[in-house]
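A.B. asks: Here it is: the structure, laid out below.
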Amino acid sequence: MKFSGSYKKDDVEFLVKVIDIDFVSVREKEKLIQQKQKHYSEMLSPEYEPSEEYLKLFFQLFNLNKERFAKDILNLAYNLSLKKEIVLISLLRAGTPIGVLLKRTLKEKFNLNVPHFSISIIRDREIDENALNYILEKYPNREFIFIDGWTGKGVINRELKKFIKQFNQKYNKNLSDKLYVISDIAFVSDYAVTNDDYLIPSSALNSTISGLVSRSILNEKIGKNEFHGCYYYKEFEKSDLSLWFIDEVMKIVNKLKVDKKELLKKSSNKEININN
């Protein structure tokens, strides 16, 4: 059964195993990590619904940056539209809202219906090889487009390149290890719209803006041939803003015009730009 979290079925397919988990407090989790008894991906600390005060702040920040963010989504989608056969692969979970917006923009503004998956990548552990093989089986001749929201210290970029190199060697493949982001403040990604450090609106919330999906889990409940795990926060449905966020940004995107004079600059030190 296709799992799309709280998104629409056509928005994304999460390649994850939804599991139940006993939550561990942040203090206990940090203690176990420091004592090297467990890896952070084996545990999950509880998330909480955002308070009324926090949501008020989120909406203020959203309104402050939504126009720029929508232009940046259109910018990246335009450049992806110049490619031939692609499949969007969001890195769970911060990449997922970006991937959903790119998928919708490619369809609504450029008449391109491209597949979109969200898969797990775990620092110091692995990228989900079962998920990659699943996508390869369905789309063997498409270019993989790995998507995240932003770069911080560049850790995910380094991990992605390391894991894809290992995957290619193991399975004799030639997958691209290029990372596509909106804001590359670490100057490390391969494709970025900007290097400015501005607040990507979806970064202000957790599961309630990411399809009610937790971060990746990789523990004893995950079998060798299964996708990495996640917890689905069904109990937060009344506070979920995932679809609201996508719909609100797309209202702006659909009003924008595309200036096709500027092409993608293949450098983390240069911004790509479309003047709208």
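The values are calculated or read from the model by the stated rules, or taken from the named source; none is laboratory data. Quick caveat, the model's predicted, so the values are computed rather than measured. Note: ideal-geometry Cβ built from the backbone for every residue, glycine included; neighbour counts use all protein chains shown. In case anyone asks, the SASA skips ligands and DNA or RNA and just uses the protein heavy atoms, side chains included. Shrake-Rupley method; radii C 1.70, N 1.55, O 1.52, S 1.80 Å.
A.B. asks: Conditions first: (1) surrounded by fewer than 23 Cβ atoms within 10 Å (Cβ to Cβ); (2) part of a helix (DSSP H, G or I). Leu76 passes all but one, so which condition is the exception?
C.D. replies: With (1) surrounded by fewer than 23 Cβ atoms within 10 Å (Cβ to Cβ); (2) part of a helix (DSSP H, G or I) applied to Leu76, the lone miss is (1).
A.B. asks: Which pairs do you get when a residue that is more than 22 Å from Tyr198 (Cα to Cα), found in the stretch 71-93, comes within reach of a residue that is charged (D, E, K, R) and open to solvent by 10 Å² or more (accessible area, probe 1.4 Å), reach meaning Cβ atoms under 7 angstrom, with the pair 6+ apart or on two chains?
C.D. replies: That search, which allows pairs on different chains as well, returns Lys83/Glu143; Glu85/Arg142; Glu85/Glu143; Ile86/Arg142; Ile86/Glu143; Val87/Arg142; Leu88/Lys103.
A.B. asks: Run down Glu53, Glu13 and say which single residue is open to solvent by 20 Å² or more (accessible area, probe 1.4 Å), under 19 Å from the mean Cα position of the chain (by Cα) and at pLDDT 95 or above.
C.D. replies: Glu13
A.B. asks: Taking the condition in a strand (DSSP E or B) and among the aromatic types (Phe, Trp, Tyr), does Phe163 pass?
C.D. replies: Criteria not met by Phe163.
A.B. asks: To continue, here is another question. Residues of the stretch 101-141 being within 15 Å of Glu85 (Cα to Cα), in contact (Cβ under 8 Å) with a residue 40 or more places away in the chain and over 19 Å from the mean Cα position of the chain (by Cα), which ones?
C.D. replies: Tyr139, Asn141
A.B. asks: Now a separate question. Taking Ser189 as the residue in question, decide whether it is under 13 Å from the mean Cα position of the chain (by Cα) and crowded, with 20+ Cβ neighbours inside 10 Å.
C.D. replies: The answer is no for Ser189.
A.B. asks: Could you tell me how many of the residues in the stretch 228-261 are closer than 30 Å to Asn133 by Cα, more than 16 Å from the chain's Cα centre (by Cα) and in a helix (DSSP H, G or I)?
C.D. replies: 1
A.B. asks: State yes or no: is Lys234 open to solvent by 30 Å² or more (accessible area, probe 1.4 Å) and touching a strand residue (DSSP E or B) at 6+ places or on another chain (Cβ under 8 Å)?
C.D. replies: For Lys234, the condition - open to solvent by 30 Å² or more (accessible area, probe 1.4 Å) and touching a strand residue (DSSP E or B) at 6+ places or on another chain (Cβ under 8 Å) - is not met.
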